[in-house]
């Protein structure tokens with residue numbers, strides 16, 4: 001049985017069974033038995049949802065319980081959810097869910113990076129012709145001054161001009177569509193198969 005302590009030091013026991021998992025589907029709209037790990041992912045990244053799940057599983061009043069879930073108590077509660085799920089599911093199922101959780105986390109990172117790259121492209125694209133013309137200039141004070149002006153324009157548009165050479169390489173590669181990986185989705189064909197027990 002998994003346990004964790006809230007911020008007040010009260011220890012809570014945590015176990016999952018089919019009834020509790022079904023109750024979480026109804027009360028929180030979260031499916032922790034989904035092999036694609038959508039519900040598992042949501043609970044691992046959303047602290048408010050995690051606290052609500054913990055309150056239901058531990059049979060606590062959400063309003064009162066939420067006041068006692070702060071800081072390290074949230075991290076300990078999250079670890080207890082993982083341990084309790086591992087106690088409930090067969091090893092093969094839990095292994096598949098963890099694998100799919102990692103895939104979802106990686107897909108989320110790719111999505112965040114892709115959004116950042118597209119935003120940066122919107123800043124770079126309008127000044128790209130000037131940037132390329134500066135690149136062809138001979139080395140000297142005029143070229144350095146022109147590059148400084150490009151940096152100022154990028155920063156004024158909300159971009160980061162810290163590594164101008166990387167930005168130029170990115171722009172020369174054709175922009176975001178030429179450099180972005182395809183993000184993972186939570187569709188059934190992306191889920192790893194569960195080995196037979």
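Tabulated data for the structure shown
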quantity: Hits in the range 51-81 (condition: touching a helix residue (DSSP H, G or I) at 6+ places or on another chain (Cβ under 8 Å) and either within 17 Å of residue 98 (Cβ to Cβ) or not assigned by TED's automatic domain parsing to the domain that holds residue 14 (or both)); calculated: 78, 80, 81
quantity: Test: residue in the range 4-12 that is surrounded by 13 or more Cβ atoms within 10 Å (Cβ to Cβ) and under 18 Å from residue 98 (Cβ atoms); calculated: no
quantity: Scan of the range 24-43 for residues that are more than 14 Å from residue 60 (Cα to Cα) and not in a loop (DSSP other than H, G, I, E, B), ordered by number; calculated: 25, 26, 28, 38, 39, 40, 41, 42, 43
quantity: Enumeration of residues in the range 69-83 that are assigned to a helix (DSSP H, G or I) and more than 12 Å from residue 12 (Cα to Cα); calculated: 72, 74, 75, 78, 79, 82, 83
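The values are calculated or read from the model by the stated rules, or taken from the named source; none is laboratory data. In this text, all values refer to a predicted model and were calculated from it rather than measured experimentally. Methodologically, a virtual Cβ is constructed for each residue, glycine included, from the backbone with ideal geometry; neighbour enumeration extends over all protein chains shown.
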